[in-house]
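A.B. asks: First the structure, then my questions, so here it is.
The values are calculated or read from the model by the stated rules, or taken from the named source; none is laboratory data. All values reported here derive from a predicted model rather than from experimental measurement. No Cβ is skipped: glycine too gets one built from the backbone with ideal geometry, and neighbour counts run over all protein chains shown.
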Amino acid sequence: MGLQRQKSPWLLLSVIFVLFVITVYKIENSSPQEHQWKGTKYPRRNLVPRNPPLTAQAPTSNVQGSQRIFSAAETILNPQKPIQSENAEPIIKPISQKAKEEIPIPIQKPLAAPPDIPAAPVAAPPDPRGIKNIHIGELPPSSVWCFGQNRYERLCRFKNLCYLPAHDAFFITKANTTTLNNIPVKKQDALIDLTSLQDHSAFYFDYTEVSQSAPEFRNHKVRYVEKPTFLMSRFHAGNIMHTLHDDVIGLYFVLKEFAYQGAAEDMYEPFSKDHYVQFLDQHGAGEYANIFGFLTDNPILYRPDLVKDQNTITCYRDAVVGNSKQANWYHYGFGSPQGPIPNKTVDGTQVREVSNYLLHKAGLLSSPFGGRVTSPPENVMTKKVKTMFAEAGVTSDDQEVIVIFSRRRNRKLSNEKELAAELKEEFQLAVVYVRMEELTFLEQLAILQRTRVAIGMHGSILIMGMFLPENAILIELYPYAVPSENYTPYRKMASLPGMNLIYRAWEVIISPCLVIDNSTHR
């Protein structure tokens, strides 16, 4: 009995040890799904060391456990070989050749230029007229402010007015910030008359509205005109009467109203000249384009500038469209028989204001208010003009003359020399011939500033009478069988209050002393 009592503790310890070894063995060889920790439903995780030792001692009693340890170590050294478990998919799958080909290859950026050799910027060539280079992107929002109660009187100022050559159409980009001020709900045929003419549908202007979000206008080539621009059309660019009466006088007052910002300190400058004038008519430069040079310091823009690239939109940042009608006095019969504009009173001092401004800019007046310059610039008082004065017998700088507006192509005076002799003898003044074909605009101004009497056949050159000194005499001769009451633009001009001209009309009576060649009418 005593011996059995001594062995019983050892036997118990042996049994406990054997049970412990069996339990550990079963745990090591069980799958994650076969065991639950502490009665929870979450399976046991596969115990793979994060940083397994590269050489591990394998337990002698568990060969499979030692294989796991060595497999994990081998995975670190060779990622292509996955770790396998008895009842699970590979933890790390090998990368196939196809997968390798689909991996994007990073694009290598070019090396930047060294600090001492800066890279040259790539830029579009500058526009010779100073207009901004082409941009690509979303069109800016537009706004419109109009002044006047009807199409004939109306002038409109635009912020971001654009032109699409492919459709020959102007448009504005409408957005939440767009302002439309004094735009008629129902337009009378069109929004604006581009000329000072009345009821001539060839010169009507209107625009279309497009949405700023319209996809067809995104990422389009756009040329921006940054300077203020005045858009108008000329009726007859090759005629001096239409150029001065229809275009120049009206544009002067448009500029005076809208081009005031940045005006020079010179008290004689009524407006800034840092803007563009854009003609929308089909004419080219014309014979008298240089006159518009007195109204702007920048090159004149013509329609070909707009349409030369059909894929480029032109946008004017600040545009005024239309021409002023406040100082024109005559209409040409598009809606009614031609004659002075009915029910309209024009102040002749406004016409004088324009003519004196041009004379001052030409260097013939010391100011727009008068004061004739005795020594004009050489491009005005040219060698040709000096020779003409000398041949006519002019001996001093203040000597007045009689001018005969001489014509070479039609309505010619076949006895000009006899007429000149009679005038010289009667008034004791030198007689000078002014022919538009032979003299520049400035040379004509130089002669007219010293003219006491001007005489000529009915025609466009008589508009030059607006440059005659006050109290000068303008005599208009009418061809045979043409009543003087039917065509009166120059009679009306001379009679405007403030012009201070003496006008006489003379209808031709066939006589031996005056023979008229009236083959064509102009």
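This table checks each residue for (1) in the same structural domain as SER484 (by TED's automatic domain parsing); (2) at pLDDT 90 or above.
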site	(1), (2)
LYS361	no, yes
THR382	yes, yes
PHE405	yes, yes
LYS417	yes, no
LYS424	yes, yes
LEU429	yes, yes
THR440	yes, yes
GLU443	yes, yes
GLY459	yes, yes
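A.B. asks: Follow-up question, since we're still on this one. Which condition from (1) over 30 Å from ALA202 (Cβ atoms); (2) in contact with a Gly (Cβ under 6 Å, 6 or more places away or on another chain) is the one that ASP398 breaks?
C.D. replies: Here ASP398 meets the rest and fails (2).
A.B. asks: Search segment 219-232 for residues that are within 19 Å of GLU257 (Cα to Cα) and pair each with any residue that is buried (at least 19 other Cβ atoms within 10 Å of the Cβ) and among the hydroxyl-bearing types (Ser, Thr, Tyr) when their beta-carbon atoms are under 6 Å apart and the residues are at least 6 apart or on different chains.
C.D. replies: Partner pairs satisfying both residue conditions: LYS227/TYR276; THR229/TYR276; THR229/TYR316.
A.B. asks: Among the residues of segment 184-237, which ones are more than 18 Å from CYS146 (Cα to Cα) and assigned to a strand (DSSP E or B)?
C.D. replies: Those that are more than 18 Å from CYS146 (Cα to Cα) and assigned to a strand (DSSP E or B): VAL210, SER211, HIS220, LYS221, VAL222, ARG223, TYR224, VAL225.
A.B. asks: Just a yes or no: is a residue in segment 458-477 aromatic (Phe, Trp, Tyr), within 26 Å of THR395 (Cα to Cα) and either buried (at least 21 other Cβ atoms within 10 Å of the Cβ) or under 43 Å from the mean Cα position of the chain (by Cα) (or both)?
C.D. replies: yes
A.B. asks: Restricting to segment 138-182, give me the number of residues that are surrounded by fewer than 14 Cβ atoms within 10 Å (Cβ to Cβ), part of a loop (DSSP other than H, G, I, E, B) and at pLDDT 90 or above.
C.D. replies: 5
A.B. asks: Here is a further query. Would you confirm whether or not segment 367-376 contains a residue that is within 24 Å of THR243 (Cβ to Cβ), at pLDDT 95 or above and touching a helix residue (DSSP H, G or I) at 6+ places or on another chain (Cβ under 8 Å)?
C.D. replies: Within segment 367-376 (the criterion being within 24 Å of THR243 (Cβ to Cβ), at pLDDT 95 or above and touching a helix residue (DSSP H, G or I) at 6+ places or on another chain (Cβ under 8 Å)), the answer is no, since none of the residues qualifies.
A.B. asks: If you take the residues of segment 343-387 that are of a type in the set (D, E, K, R) and part of a helix (DSSP H, G or I), which of them is surrounded by the most Cβ atoms within 10 Å (Cβ to Cβ)?
C.D. replies: So, considering only residues that are of a type in the set (D, E, K, R) and part of a helix (DSSP H, G or I), the one surrounded by the most Cβ atoms within 10 Å (Cβ to Cβ) is ARG352.
A.B. asks: A further question follows. Take ASP199 and tell me if it is at pLDDT 80 or above and either exposed (fewer than 12 other Cβ atoms within 10 Å of the Cβ) or over 20 Å from ARG317 (Cβ atoms) (or both).
C.D. replies: The answer is no for ASP199.
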